[in-house]
1. Rounded to the nearest percent, how much of the accessible area of segment 41-193 (1.4 Å probe, protein heavy atoms only) is carbon and sulfur?
2. For a quick check of your reading of the filter: which GluC sites (Glu not before Pro) in segment 174-209 sit in a DSSP loop and have no more than 16 other Cβ atoms within 10 Å?
3. Once amide H atoms are placed 1.01 Å from N in the peptide plane, what residues at a sequence separation of 5 or more from Val36, or on another chain, have their amide H within under 5 Å of its amide H?
4. Taking the mean number of other Cβ atoms within 10 Å as a proxy for protection, how do you rank 280-289, 305-314, 162-171 from highest to lowest?
5. Could you run the Karplus curve 6.51 cos²θ - 1.76 cosθ + 1.60 with θ = phi - 60° over segment 147-154 and give me ³J(HN,Hα) per residue in whole Hz, x for Gly and Pro?
6. Would you grab the residues whose amide H sits under 5 Å from the one on Phe79? Only those 5+ places off in sequence or on another chain, please, with H modelled 1.01 Å from N.
7. Could you run the Karplus curve 6.51 cos²θ - 1.76 cosθ + 1.60 with θ = phi - 60° over segment 132-145 and give me ³J(HN,Hα) per residue in whole Hz, x for Gly and Pro?
8. Read phi for every residue in segment 172-184 and hand back ³J(HN,Hα) as whole Hz from Karplus 6.51 cos²θ - 1.76 cosθ + 1.60, θ = phi - 60°, with x for Gly and Pro.
Amino acid sequence: MSEGQSVISGQVVIVGGGVAGLEALLALRALVGDRVAVTLVSQDDWFVDRPVTVAEPFGLGSAARYLLPEIAAELDARFVHATVEAVAASEHRVSCAGGPDLGFDTLILAPGARTRPPFADSIAFGLAGSGQAVKDMLSQLRSGEVRSVAFVAPSLAGWLLPLYELALMTGRELARSEVEGAQLRLVTPEDRPLTLFGDQGSESVGRLLAAAGIEFIGATRATVQGGDVTLGATGESVAVDCVVTLPLMLGPGLAGVPARQPDGFIPVDEYGRVEGLADVYAAGDAVDFPVKQGGLAAQQADAVAAHVATRHGACVDVAPFQPVLRGMLFTGGERRFMRSGVPGADPHLPGAWYPLWWPPAKIAGRYLAPYLLERSEVEGLGRPDEGFIDLDIPLTAATLPG
């Protein structure tokens, strides 16, 4: 072995090229360096900044896309294009559909969630073709062919902010196009708008909805049948021309991996260790944390990476996953930076026009956000000297959806 060459202390396999998978890869390289060999397995060749796709139908932004093989090569990781279908933890092996079996010393599962539309005859934003469907809806609103739209949250689990963005940007587009008389409603099981962000944040979003002419219908689990939206247990029905919703999320369905019922998400502890499987961790939308959001997925991956790093000889502080919720809200006008609230917090901060974290990206990840910023073509986005606040505001059990 030549002088300065590191000793490889093990093989880490990361399944998934989304936020959690890339954050775990970047964190491991920061904490362990090249003392572990890393394989990144993904069924996709591209990482897409998915939170920004909500702005694309409105012509207000374009989601950045990055080649995963290039990212892996830059981080000295092997890239395997394959779909993992089973894990044999006792044999330290994963099986890939149409690909090789891969051995591991440590496995990090970050495959994301499976998705399906919650209602027929609706636009489930995030599924294939939904961006074009929203563009078509906007055209029909401008022409008068569509006169009423309901934005319906299918459940409390997941991440509802994109539905609010779609509603607000639709309202903004109608005002810009001087369309009058169209009815917009937002229907959600939440008692208040974006209740996860606390009283101040919720009030801020409520004002934005009202200013955009969007009727908020809360504490309501709706069902959709054709053009009728049935509002909760009362059975009241509202006829609309179009329904926009979000996909329902389900666990990844990997053979050999425990799945918590009824939705099949992977049970993990506070360090991301998978229940009942030695040397296997999981992070991101695949795990049994009720809020599915990129920033939280990155935080889960950080907790996993630190724990894994110690297994491979790194002297790092290990801390459990302690969720801090941050969100950038697209409104069609100025962006609003949201965060979960705590008693005694500055009442002027929720819904601020200036960034509350750095970099000011939709995905607030410790390693991934700065990495993507360096690769972006955006100029002049240096950290400001003033007028900027970093906030770490924890989510508590009381604020999480049941």
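The values are calculated or read from the model by the stated rules, or taken from the named source; none is laboratory data. Small disclaimer: the values here were computed from a predicted structure and weren't measured. All Cβ positions, even for glycine, are placed from backbone atoms using ideal geometry, and neighbour counts span all protein chains on display. The area values use the complete protein model at the heavy-atom level, side chains included, leaving out ligands, DNA and RNA. Shrake-Rupley method; radii C 1.70, N 1.55, O 1.52, S 1.80 Å.
1. 44 percent
2. Hits after loop and neighbour filter: Glu178, Glu180.
3. Hits under the 5 Å cutoff: Ser9.
4. 280-289, 162-171, 305-314
5. 10, 8, 9, 10, 9, 10, 7, x
6. Leu40
7. Couplings: 5, 5, 5, 4, 5, 4, 4, 4, 6, 5, 5, 7, x, 5 Hz.
8. Working through the residues one at a time gives 5, 5, 5, 5, 5, 8, 6, 8, 10, x, 6, 9, 10 Hz.
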